[in-house]
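Written out below as structure tokens is the structure these notes cover.
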Amino acid sequence: MSRKQYFFIILILGSLATVSPFSIDMYLPGFPRIASDLQTTIDKVQLSLTSYLIGICIGQVLYGPLLDRFGRKKPLYVGLALYVIASFGCAMTSSVDALIAMRFFQAMGGCVGLVASQALVSDLFPADKRAEVFSLITLVIAVSPMIAPTIGGYVTASIAWYWIFVILAGIVSLIILAIYFFLPTGRDADSSVSLRPEAVLGGYLTVISQPQFLIYTLAGGLATAAPFAYISGSSDVFMNIYKVSEQQYGWIFAFLAVAMIGSTQLNHFLLKKYSSEQIIRFTLIYQSVVGVVLILGVYNNWFGLYSLIGTMFVFLTGQGLTGPNASALSLAPFRKHTGSASALMGSWRMGAGAVISAIVSFLHNNTAMPMVGMMAFCAFGGLVILQAGNVVVRHRAASRDVEEEVSVLL
């Protein structure tokens, strides 16, 4: 493909993958106003974030087989249309319970972009280029937290929070047009892929039985859930504890997004010298160390506003390194079940994010400890899974070698 085609494909795939992050980040500055207008509390409004993540978790599992059976574009059109309808539902809601429900359906529609974008990378690019492509897509995704909260903050302050969802519906409508006119079809529909429950489960079991997929999906998924702890708790920490305004919060969020953008670009260069496995292992080690610093700093009241932001910046730098490499390694073993593998990987990531964000909300205690504690837990937990998984794989490989030697001797 030409450089122009390459640019447009990356931009569209990145936009697809950004639908859900944008939908999460853009309304965060509006939490206090939403709570006030709907006569509820911020921790109840936070549950609309949790319901969105649950919707993504469930939706991706459903879209995986559909993308393999019907091709990439038809499920995309259906899912994104549902997203647009649910976005208008969010804008017209008059209670927090209705908002929580509408956010669930919004996620069920929008999450098709996450699965399809990853499957299309496998369709359109050779294996040795996929980690690089995932890095470029992550760069597009990383722009979202730079601009989404800032836009959301100004929209909330100058117009009203519900206009955020009208704007989101308009953005996704434009993405649908771009898909129709500019995005290649990818892999064709495969009528041999059955949608019967037992066949779908069998396909998922085939994916799960691949050790490389299992290790890097579990480890990478938990590690990439760390930003959801930050997203869930940051509006309360910065706006209620440190008393920043909606606009200031948007700029803080944008600054911290630079950490992920910079590391995404760094990953592009690191891959020329180091393997994806080496990058992931080193990143999880240093994030675990920084996570301990965050916990000790909050516990001992070491942090002011700027020192907390600075330490979190260092921690979040790792997100641009872990995500793309974990995605590439998770999907590398597959050709036929790419859609199902993408769905399972994305579902686990968002499921872990939903649980982490719910825990942050549940542990809410008017300090930053729930947020930083869960960030540290995600990094350390990912490292433990990665190390333990590789030990098990090496042990099984060694056992098979011994059995083969014994059989030869016999």
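The values are calculated or read from the model by the stated rules, or taken from the named source; none is laboratory data. Since we're looking at a predicted model, the values are computed, not measured. Here the Cβ is made from the backbone with ideal geometry for all residues, glycine too, and neighbour counts use every protein chain on show. Ligands, DNA and RNA are stripped out before the accessible areas are found, and what is left, the full protein with its side chains, is counted by its heavy atoms. Shrake-Rupley method; radii C 1.70, N 1.55, O 1.52, S 1.80 Å.
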Checklist entry - Given the stretch 182-299, what whole percent of its Cα pairs are spread farther than 23 Å? => result 57 percent
Checklist entry - After finding the eigenvalues of the alpha carbon gyration tensor for the stretch 1-128, what semi-axes result from the square roots of 5 times each, listed largest first in whole Å? => result 32, 15, 11
Checklist outcome for this item: The percentage of Cα-Cα pairs in the stretch 58-199 separated by more than 25 Å is 35 percent
Checklist outcome for this item: Over the stretch 8-150, with neighbouring protein chains present, the accessible area per residue in Å² at probe 1.4 Å is 31 Å²
Checklist outcome for this item: Projected onto the charge dipole of the chain (unit charges on the beta-carbon of Lys, Arg, Asp and Glu, signs +1, +1, -1, -1), the Cα from Met350, Ser192, Val289 with the largest positive-side position is that of Ser192
Item to check | Extension reserve of the Ile285-Tyr6 stretch, reckoned as 0.36 nm per residue once the Cα distance is removed | outcome: 97.0 nm
Checklist outcome for this item: Computed, not fitted: 222 nm per-residue ellipticity of the chain from DSSP H runs ≥ 4 (each -39500 (n - 2.57)), nearest 500, equal to -27500 deg cm²/dmol
Next on the checklist: Based on the alpha-carbon set only, what is the convex hull volume of the chain divided per residue, in Å³?
Outcome noted: 149 Å³
Checklist outcome for this item: Rounded to the nearest Å, the spacing of the alpha-carbon centers of the stretch 47-86 and the stretch 292-344 is 24 Å
Checklist outcome for this item: Order by accessible surface, 1.4 Å probe, largest leading, for residues Trp161, Trp302 comes to Trp302, Trp161
Checklist entry - What is the gain in length, in nm to one decimal, between Ile241 and Gln212 on full extension, counting 0.36 nm per residue of separation less the C-alpha to C-alpha distance? => result 6.2 nm
Checklist entry - What FRET efficiency would be calculated for the residue pair Leu177, Met92, taking the C-beta separation as r and a Förster radius of 22 Å, to the nearest 0.05? => result 0.35
Checklist entry - How far apart, in nm, are two points set 7 Å out from the Cα along the Cα-to-Cβ line at Ser307 and at Val384? => result 2.9 nm
Next on the checklist: Could you tell me how far the Cα centroid of the stretch 106-124 sits from the Cα centroid of the stretch 238-275, in Å?
Outcome noted: 24 Å
Next on the checklist: Under the √(5λ) rule applied to the eigenvalues of the Cα gyration tensor, what semi-axes describe the equivalent ellipsoid of the stretch 82-150? Give them in Å, descending.
Outcome noted: 32, 15, 7
Item to check | Accessible heavy-atom area order of Glu132, Glu246, highest first, probe of 1.4 Å | outcome: Glu132, Glu246
Checklist entry - In whole percent, how big is the carbon plus sulfur part of the accessible area of the chain, probe 1.4 Å, protein atoms only? => result 68 percent
Item to check | Residue-count net charge about Ala160 - beta-carbon cut-off 15 Å; Lys, Arg +1, Asp, Glu -1 | outcome: -1
Next on the checklist: Run the Debye formula on the Cα coordinates of the stretch 118-168, all scatterers equal and no solvent, and tell me log10 I(q)/I(0) at q = 0.13, 0.15 1/Å.
Outcome noted: -0.49, -0.57
